[in-house]
Each structure stands twice: as C-alpha cells, then as structure tokens.
1. Which number in (1) surrounded by 18 or more Cβ atoms within 10 Å (Cβ to Cβ); (2) closer than 29 Å to Phe155 by Cα; (3) not assigned by TED's automatic domain parsing to the domain that holds Ala294 marks the one condition that Lys195 misses?
2. Is it true that Gly327 is crowded, with 24+ Cβ neighbours inside 10 Å, touching an Asp or Glu at 6+ places or on another chain (Cβ under 8 Å), at pLDDT 95 or above and within 21 Å of Leu193 (Cα to Cα)?
3. Quick check, is Leu103 in a loop (DSSP other than H, G, I, E, B) and either assigned by TED's automatic domain parsing to the domain that holds Cys194 or over 17 Å from the mean Cα position of the chain (by Cα) (or both)?
4. Considering each residue of the range 335-372, count those that are under 20 Å from Tyr244 (Cα atoms) and within 23 Å of the chain's Cα centre (by Cα), and give that number.
5. Does Leu118 count as crowded, with 16+ Cβ neighbours inside 10 Å, under 27 Å from Cys179 (Cα atoms) and within 23 Å of the chain's Cα centre (by Cα)?
6. Where residues in the range 229-281 are of a type in the set (S, T, N, Q) and modelled with pLDDT of 90 or more, which of them is nearest to Val296 (Cα to Cα)?
Amino acid sequence: MLIIFIFFMNPYLRMKIGIIGYQTWGKQKGRLYYMGRKALEKGVLRRVICKDSIEKVQQFVIKEPSYLTLFEDVITKVHKFCRDFPARYYNEQVLFDSFAQGLITKDMDAVIFIDSGLVRCVSKAKRQRIITIILHRNLHPQHMFYILKEEEQRFRIKDKSSLNHVKSVLNRIITLKECDKVLALSELEKESLCKYGISCSKIFLLQHGTGVDAEFFKPPKYKENEPFTVLFIGHKSLIKGVPYLLLAWKQLNLKNAKLIIAGQQNKQILRLFKDKISFEAPGEVKPLKYYQKASVFVLPSLGDAFGRAVLEAMSCGLPVIISDMVGAKDIVRDGKEGIIIPSRDFKAIAESIQYFYDNRKEIKRMGKNARETAKK
C-alpha cells in the first residue's frame, strides 16, 4: 500500500524517499522497518533516519549518535523519579527532531514521517520543497486530548502519556496542518482528522492498517485445555478503555475463567480494581503466546486509529470484542469476526464476554473467520 501511494502521488518519477521515525530499525513489528524494507525492495529508498538499529547499520540507515542517546537516557531516568516530567516530548520532539532535521537533503523527493510532531523536520523539508507525508497512527491530537480529560475526571486518575502533554499535542497539530499528505489507518481516523480541521483532500486511507505478518501470528497447532481466557494487550490504559473492561469483569462471575491485562498499565487503575476482582497484569509481554492461549481478545478503546493488536489477535484465530471507537471495525463484521460494542459501555462488554463463555462453538466459528480476514 505504501508503494502504491508513492507512485499515486507522482506517476512520472521514480521518487527517492526518506523515512524518519523515533523507532528502532530492525524491529520486525515496527512500522519504520516495515515501510523501509518495502521501499528498499522497490528501489525508492534514499535514507532512513531513526533512533537506533539492532541490525548491522547499513549505508542508508542513520541512527542517533551515542552522545544523543546518553542525553536521552538521562532524561528517561529523570522521568522515572518525576513521572510528570515529559521525557518522550524532550527525547522525540526536541532532541531527535533537532538531530534528524539536519539530515534532510534535497536528494529526497519525499519524506515519510512515522508519526506526527517533528516540527523542525517538517519545516526543513517544506523549505527544500520536499513532499512531506505523515503516518499519524492516531485520531486527531485535540480529539484524543479531550477524551483523556473526560476520563481523568470520571476516574480521578491522571494520565501522564504524551497524548496528554500540551506542547506535544500542539506540535502534532502543527505538523498535520503543514504536511502535504497524511496516511490514515482507518475511516475513523480520517473522520477525526477532518472534523478537527485537517483537509480531507490530503488524507489517504491505508486499508487493513499497515498489515500483519500472518505467518508469524498464527493459531497454535494444538490448543491445550486452557481455562476460558479473556485477553487485552496494549498500553495507555485510559485511552484504551481498560477501566471499562475491569468494570465488566467485576460484573461477571465466571467459573474457570481468567482475565489478562497485558502491557504497560497505569498503576493507579490497577490498584483501583486489584482488591475488588481477580485478574492478571503481567506487564509488557511477547504477545504471540498470549494470543495462542486466549479464548477471546478485547479492545474497548475510546479512540484508536486502528488497533494493531486486533489484527494480530485475529490472525491468531481469536474472535474480537472491540468498541465502535476502534478503527479496526473497518474489517470486523459484527457477528462474523467478533462483536462491536459502544465505547464506554461496560455492560455491553460483559454481555459479549458472557456470550462467548456460553457459546464455545462461536469462538471457533468467529475465530476462523477472523483468521481468514486477517490474512487478506
């Protein structure tokens, strides 16, 4: 889809592109690596500018110098002692942005940014008349900010993610307005961006998000006799709707069943429910084995451009329960690959979990459909 888009923009040239992102080159699941490899295969890649590389650094890959990494490590350690300190903002939108903009040169026809917010880079590229393309991967920053403020008031919990940092949000808005094209992962993301002032004409929709490796994310050959397992995998607890999943689980009383909340979670949320209900919170995990042991996957997000974990779970043969604020609803048919419920409706989450608990054949039927859809 990326390469189709490149030639769609300019059918007369074999464009040379740069890819810039605060990610690690070599991580198989990373969008930077995925897009870079696709561009390299098509012979259109000029340069990748990234945070780090776990592969032997190739000529076209430029990673941060060691002194910059040292500064970022110090900033990250400050954040561990002072959780309100915006480490991600300084590391990505100040230090990395300053470093990367110096490497944008006129031998690039276009630059693809793996996320919004790099104001210096976008400005430098625009001055040099280089086409700027942003893979935003989220709803409009202002939209997300408003959602988080509502949730903070509702649960009296402070969200300290970059989605809630004012300067970071403003930088994202500036770059989305100034860039030439925006790659959106879903109709939901496109609607949000248009509603909050981004020109609809410059938004290009990627179907199925950025895809999934169906050979890696696949059902187990043999499924052990596991208890009925409800799985959530994700970070940023508030925006992902974790409190509503926990409220739903509290309402249920299922025998021989368990709930797993995997990923980096807001500790305040976990403490709020830990004494009231039983659930597992293993932290950051390698997701494949969790998908393969689960019965159903739940993502009750309040705002998710796509939700890559949904596609991974489907590829592993799991039916999914997702909210109508998850962009992956573009590929999930209600009653076919899973169930779509209203966001913030914990009763609907509970009813959907209960349905799969009572109808195990539906897990197999919808799981099979989910696998086939994910492979497309």
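1. (1)
2. yes
3. In short, yes.
4. The qualifying residues number 10.
5. yes
6. Filtering first and then ranking leaves Thr229.
The values are calculated or read from the model by the stated rules, or taken from the named source; none is laboratory data. Since this is a predicted model, take the numbers as computed values, not measurements. Note that each Cβ is placed from the backbone with ideal geometry, even for glycine, and that neighbours are counted across all protein chains shown.
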